[in-house]
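The values are calculated or read from the model by the stated rules, or taken from the named source; none is laboratory data. Note that this is a predicted model, so its numbers are computed, not measured. Positions of Cβ are backbone-derived with ideal geometry, glycine not excepted, and every protein chain shown enters the neighbour counts. Protein only, heavy atoms only, side chains kept; ligands, DNA and RNA dropped before computing areas. Shrake-Rupley method; radii C 1.70, N 1.55, O 1.52, S 1.80 Å.
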Amino acid sequence: MNIYADNAATTKMSEAALNAMLPYFRENYGNPSSLHSIGQRANEALWAAREDVAKCINAEPKEITFTSGGSEADNQAIVTAARLGAKKGKKHIISTAFEHHAVLHTLNKLQKEGYEITLLDVHENGIIFPEQVKDAIREDTCLVTVMFANNEIGTIQPIKEIGAICREKKVIFHTDAVQAAGHIAIDVKDMNIDMLSISAHKFHGPKGVGALYCRKGILLYSIIEGGAQERGKRAGTENIPAIAGMAAAFKDAVAHMDENAEKIKKIRDILIDGLSEIPHGILNGDREKRLPGNVNFCFEGIEGESILLLLDDKGISASSGSACTSGSLDPSHVLLAIGRPHEIAHGSLRLSIDENLNEEEAKYIIETVKDTVRLLRGMSPVWRDLMSGKQQFITK
Ligand SMILES: *Cc1c(COP(=O)(O)O)cnc(C)c1O
C-alpha cells in the first residue's frame, strides 16, 4: 500500500495543471513585460489566468495579484491593512489564536512596531463566533483577519457573518483561505471579504505560487520593491508557468468541487467512525463544520511523531499537525487553542485526504492506526500510569 493522506501539507499536481504549464517553459517562455510577440503571449497567459482565478471566487481580474504563495499573500494583506490603518491613527488588529504562522508571525512583527493585537479565543469545537469579533472591534481597529478553514483541524469559520460585521463597522476583513480554496465554495462579494489569500499547491497546483484578492478601492501596499509588475503591487518577473498551472488547477477544482466533496466526505466519515472506536481518543474540530477531507484525532498515551514514523513504514503518509511545526517538539498551537491539554496535544494525528482515496484504503488506514496505537501504548510509560490509575485519563 502507498497512501498519501497529507493533502493539507501539499497536494500532488494534476495533469491539467502540468499540461497548462509546459508551453510556458518551452515555446512561450517570454517575459510578459516585453513588447515582442513571445513576451506578449506570456502577457496574454498572465491575464487569462487572472481572469480564471478571479472567476473562481467571484472577483474582478484587477482585484487579483499573484504572489509566491499563501504566506506572501497573508503578509501583504496584513501589512497593507496595517499601513492604511496607521495613516488614520488606527493600530489595533483582531485575529485568532489558531491562525497559520504566516499570519501569527506577521502580527508578532507588527506588535513589536507598536500595533495592538487581539487574538480571539477559539471555542472547543474549533469555531470562532461572529459575536466575538463584534465585541472585539474598537474605534481604532484597522483589520480583522480570520482564517476560512483551519489547516490542522479543518474547521470552517462563519466567514460571511464575520464579513458582514466588519463591513458594517468599516473595518478591513482579510481571510486566509488557503485550505478552503478549491475545496469549498468561495464568493468574495456575497461573503463581504475585502482581502483573501490562496495557494496553488493546496489544490493540485504547483508550489511557490499563490494569489491575493484585494477588493477594488483598497490600495494594496507592495512588500517587494523593484519593477512595476502586477501593476506596481508586486515586483519581480511573473512566474508564468506556475501562474498558468494555478489557474488550471483552480478552475478544475471548482468545476468538480461538488462531486469531489461528496466523495471525499463519505470516505472522511468512514475514517472518523472507524478511528472513533479507539479508546481514549478524541476527534479534534467540529464533526460537521469541517473540510471534506480533514480527519484529526488525539490519542492519549502516545507521541505524534512516533505514530507518523510507524504509519510511514506501513505506506501511509500522514501528519501530526502543520508541516511547519512537525519536527519541533512543541505541541500544536491549534490544539492548545481549542483547549487540548499538553499531554494529549502531543499525540495528534491528521489525515487529510483527496478524491483519490478509496474505501478499501480507508479501511486499511483504520486497521493500521488501531494496530499502531495499540503497539505504542504497549511501550508507553504514560499509558502504564494511566492504566494503573497513577495518572488520570483526560478523554473517555
Ligand atoms: C499552506 C498554508 C499557508 C502557506 O501557504 P504557502 O503557499 O505554503 O506559503 C498559509 N495558510 C494556510 C492556512 C495554509 O494551509
**Inter-centroid distance (Cα atoms) of the stretch 1-68 relative to the stretch 280-323, Å** = 32
**Complete:** the stretch 239-301 accessible area per residue, 1.4 Å probe, protein heavy atoms, integer Å², reads 38
**Prompt:** Cα-based Rg of the stretch 337-396 per 2.2 N^0.38 Å, rounded to two decimals?
**Reply:** 1.42
**Complete:** Note, residue 229: beta-carbon cut-off 15 Å, +1 each Lys/Arg, -1 each Asp/Glu, net +1
**Request:** Please report, in Å, the Rg and the Dmax of the stretch 16-109, where both are computed over Cα atoms only.
**Result:** 17.8, 51
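Can you pull the semi-axes for the stretch 228-279, root of five times each eigenvalue of the Cα gyration tensor, sorted largest first, whole Å?
That gives 40, 15, 8 Å for the three semi-axes.
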**Message:** For a protection proxy built on the mean count of beta-carbon atoms within 10 angstrom, sort 112-119, 291-298 highest first, please.
**Reply:** 291-298, 112-119
**Item:** For the stretch 127-183 versus the stretch 342-396, the gap between their alpha-carbon centres in whole angstrom
**Value:** 32
**Item:** Kirkwood Rh, angstrom, the stretch 44-87 [1 / mean 1/r, Cα pairs]
**Value:** 11.7
**Item:** Surface share of carbon and sulfur [accessible, 1.4 angstrom probe, percent] for the stretch 19-99
**Value:** 51
**Request:** Under 1.5 on a/c is rounded, so check that first for the stretch 1-70, then, if it is not, pick prolate when a/b is larger than b/c and oblate when it is not; a ≥ b ≥ c are the square roots of the alpha carbon gyration tensor eigenvalues.
**Result:** oblate
**Alpha-carbon centroids, the stretch 96-114 and the stretch 190-266: separation in whole Å** = 22
**Request:** Show me 155-162, 73-80 ranked by packing, highest mean number of other Cβ atoms within 10 Å first.
**Result:** 73-80, 155-162
**Item:** Top of 124, 72, 259 by mean-square fluctuation, Gaussian network on the chain, Cα under 10 Å
**Value:** 259
**Item:** Over the chain, relative contact order from alpha-carbon pairs under 8 Å, at least 6 apart, %
**Value:** 21
**Item:** Largest-first principal axis extents of the Cα set of the stretch 242-310 (Å)
**Value:** 46, 25, 19
**Item:** With every protein chain in place, the stretch 203-251: carbon and sulfur % of accessible area (1.4 Å)
**Value:** 56
**Prompt:** If you bin the C-alpha pair distances of the stretch 205-293 every 5 Å from 0, what whole percents do you get?
**Reply:** 3, 10, 13, 13, 13, 12, 10, 10, 8, 5, 2, 0
**Prompt:** Counting only Cα, what are the radius of gyration and maximum Cα-Cα distance Dmax of the chain, in Å?
**Reply:** 21.8, 77
**Request:** Treat every Asp and Glu Cβ in the stretch 126-247 as -1 and every Lys and Arg Cβ as +1, leave all other atoms uncharged, and give the resulting dipole magnitude about the Cα centre to the nearest 20 debye.
**Result:** 300
**Request:** Could you work out, for the stretch 54-201, what percent of all Cα-Cα pairs fall into each 10 Å distance bin, beginning at 0 Å and stopping at the bin that holds the largest distance?
**Result:** 12, 46, 36, 6
**Item:** Protection-proxy order for peptides 246-252, 332-338, each taking the mean of Cβ atoms within 10 Å per residue, highest first
**Value:** 246-252, 332-338
**Message:** Bins of 5 Å, beginning at zero and ending with the bin holding the largest distance: percent of Cα pairs per bin for the stretch 285-383, please.
**Reply:** 2, 12, 23, 25, 21, 12, 4, 0
**Message:** Defining a contact as two alpha carbons under 8 Å apart and six or more residues distant in sequence, what relative contact order in percent does the stretch 1-114 show?
**Reply:** 12
**Prompt:** Given the stretch 166-211, what whole percent of its Cα pairs are spread farther than 12 Å?
**Reply:** 63
**Complete:** Residue-normalised value, i.e. accessible area per residue, for the stretch 52-192 at 1.4 Å probe, in Å², stands at 38
**Item:** Choice from 150, 108, 284 with maximal GNM fluctuation in the chain (Cα, 10 Å cutoff)
**Value:** 108
**Item:** Extension gain, residue 289 back to residue 218 (0.36 nm per residue minus Cα-Cα distance, nm)
**Value:** 22.5 nm
**Complete:** With a 1.4 angstrom probe the carbon and sulfur portion of accessible area for the stretch 287-396, in percent, totals 53
